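The values are calculated or read from the model by the stated rules, or taken from the named source; none is laboratory data. Here the structure is a predicted model, which means the values were calculated and not measured. Positions of Cβ are backbone-derived with ideal geometry, glycine not excepted, and every protein chain shown enters the neighbour counts. Heavy atoms of the whole protein, side chains included, go into the accessibility calculation; ligands, DNA and RNA do not. Shrake-Rupley method; radii C 1.70, N 1.55, O 1.52, S 1.80 Å.
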Amino acid sequence: MADFELSEDYQDLSNTVREFADEVVAPVSAKHDEEHSFPYEIVAQMADMGLFGLPFPEEFGGMGGDYFALALALEQLGRVDQSVAITLEAGVSLGAMPIHRFGNAAQKEEWLPLLASGKALAGFGLTEPEAGSDAGGTKTTAKRGGGEWVINGNKEFITNSGTDITKLVTVTAVTGQDERPDGSIKKEISTILVPTNTPGFKAEKAYNKVGWNASDTHPLTLNNVHVPEENLLGTQGRGYANFLSILDEGRIAIAALAVGAAQGCVDLSVKYAKERSAFGQNIGKYQAIAFKIARMEARAHTARLAYYDAAARMLAGKPFKTQAAIAKMVAGEAAMDNARDATQVFGGYGFINEFTVARHYRDSKILEVGEGTTEVQLMLIARELGL
């Protein structure tokens, strides 16, 4: 990847997912978006393709690939349907990856084969009504006693948490607290596996969102939820720190999705500009339109290089936190800017929901918010600069 050229295996994967996106996903995207319906048939086909198992070892039913392979798949899906792409991204990087990274042997054996198969989904319950970017504000509690944890609290904006095939949500919860020398209180935050059929766990009514309408997103209520103490994921008190590392990886995946959205807007605009005629010639012949689309291509290209670089550093075992933050910020902004410009190129048609650029316009805003806002990325970059 040093020269940013894909190997044959990576290129074959990208081509395969691109074909699937164009021929299978795209034709039903408008329908699922309009109906706010979860695309179970698409998810099942992605499962059969092995996409949910891409970065996991074969011993757990995975494909034996890596995180960059997942990113390439997300880029191709993101071109045509961000809801489908985020379903895969969250299912792998937020649902299954924490178990792969921090689970013990028993937890991996129980959950990874199921999640890697794509026959079941998992979510990660971090965000709360008063704890988003400041996840240290977590109020959900988990108290241990009698060989089990008793969990109480609420979570917000949890992806893949209420589908018919959702089997697990990993939640962050306060499991203790320590008093610092200055008298302030430091919360001990841990992560705990909660099967969705556990009494007291409830996925509330799905949100009515601006975009990502075919993605499953719910608030969660945990009311005296009892799970065995061995459902603790990783070391007690390390839940928040561990999840921050999961977010670092996830930002590469989100950046790839955003690059796909940005490139999708370019491709659609080029095609439309060659077909749409005004004042006696195709609108692509006018410099105002041509330069707008050229700038869109530059954004997509730059963002792609940014996530390639972050992924290469990650795979090489080098520090990549800052590069992942840069990639996520640049790609999210590229997707939103390209969606706005594509809508302008399409004119009135760009404001009609059945057109893909209109869906990208609604969908892309969350790419500047979810899995770390643009402001959080800037904070991380500035901190690395010593500011």
*For segment 191-250, how many residues meet the condition of being of a type in the set (A, V, I, L, M) and closer than 16 Å to Met97 by Cβ?*
6
*asked:* Among the residues of segment 245-278, what is the count of those that are of a type in the set (Ser, Thr, Tyr) and open to solvent by less than 10 Å² (accessible area, probe 1.4 Å)?
replied: 1
_Of all residues in segment 125-137 being modelled with pLDDT under 90 and not in a helix (DSSP H, G or I), the one that is least open to solvent (accessible area, probe 1.4 Å)_ = Ala131
*asked:* Give me the residue from segment 346-387 that is in contact with an Asp or Glu (Cβ under 7 Å, 6 or more places away or on another chain) and over 17 Å from Ser29 (Cα atoms) and, out of that set, surrounded by the fewest Cβ atoms within 10 Å (Cβ to Cβ).
replied: Thr374
*Go through Ala122, Ala21, Ala26 for me and flag whichever is open to solvent by less than 20 Å² (accessible area, probe 1.4 Å) and part of a helix (DSSP H, G or I).*
Ala21
*Tally time: how many residues in segment 325-382 are touching a helix residue (DSSP H, G or I) at 6+ places or on another chain (Cβ under 7 Å), without any contact (Cβ under 8 Å) to a residue 60 or more places away in the chain and among the small types (Gly, Ala, Ser)?*
2
*Taking the condition aromatic (Phe, Trp, Tyr), surrounded by 20 or more Cβ atoms within 10 Å (Cβ to Cβ), outside any helix (DSSP H, G or I) and out of contact with any Phe, Trp or Tyr (no Cβ under 6 Å at 6 or more places or on another chain), does Phe56 pass?*
yes
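Considering each of Leu77, Leu126, Leu70, Leu54 in turn, give the residue that is of a type outside the set (Gly, Ala, Ser), touching a residue at least 24 places away in the same chain (Cβ under 8 Å) and touching a strand residue (DSSP E or B) at 6+ places or on another chain (Cβ under 8 Å).
When all the criteria are applied, what remains is Leu126.
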*Based on what the data block shows, is Asn213 under 17 Å from the mean Cα position of the chain (by Cα), open to solvent by 10 Å² or more (accessible area, probe 1.4 Å) and polar (S, T, N, Q)?*
yes
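Residues are listed down the side, and each one gets a yes or a no for (1) farther than 19 Å from Val330 by Cβ; (2) more than 28 Å from the chain's Cα centre (by Cα); (3) surrounded by 15 or more Cβ atoms within 10 Å (Cβ to Cβ):
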residue: Ala298; (1), (2), (3): no, no, no
residue: Leu305; (1), (2), (3): no, no, no
residue: Asp309; (1), (2), (3): no, no, yes
residue: Arg313; (1), (2), (3): no, no, yes
residue: Ala316; (1), (2), (3): yes, no, no
*Restricting attention to segment 166-185, does a residue exist that is among the small types (Gly, Ala, Ser), surrounded by fewer than 20 Cβ atoms within 10 Å (Cβ to Cβ), assigned to a strand (DSSP E or B) and over 21 Å from the mean Cα position of the chain (by Cα)?*
yes
*Please name all residue pairs, on different chains or six or more residues apart, with Cβ atoms under 9 Å, provided the first residue is in segment 136-153 and is more than 14 Å from Leu232 (Cβ to Cβ) and free of Cβ contacts under 8 Å to residues at least 12 places away in the same chain and the second residue is of a type in the set (D, E, K, R) and in a strand (DSSP E or B).*
Gly137/Glu128; Gly137/Lys187
*In segment 82-103, which residue that is touching a residue at least 60 places away in the same chain (Cβ under 8 Å) and open to solvent by 10 Å² or more (accessible area, probe 1.4 Å) is nearest to Lys167 (Cα to Cα)?*
Leu94
*Residue in segment 332-387 that is farthest from Ala258 (Cα to Cα), counting only those that are of a type in the set (Phe, Trp, Tyr) and in a helix (DSSP H, G or I)*: Tyr349
*Got at least one residue in segment 186-198 being open to solvent by 60 Å² or more (accessible area, probe 1.4 Å), out of contact with any helix residue (DSSP H, G or I) (no Cβ under 6 Å at 6 or more places or on another chain) and within 30 Å of Val84 (Cβ to Cβ)?*
yes
*Condition test on Lys328, is it open to solvent by 20 Å² or more (accessible area, probe 1.4 Å), basic (Lys, Arg) and assigned to a helix (DSSP H, G or I)?*
no
*What pairs can you find where one residue is in segment 1-30 and at negative phi, the other is part of a helix (DSSP H, G or I) and of a type in the set (Lys, Arg), and their Cβ atoms are less than 9 Å apart, with a gap of 6+ or different chains?*
Arg18/Arg79; Ala21/Arg79; Asp22/Arg79; Ala26/Arg79; Ser29/Arg359; Ala30/Arg359
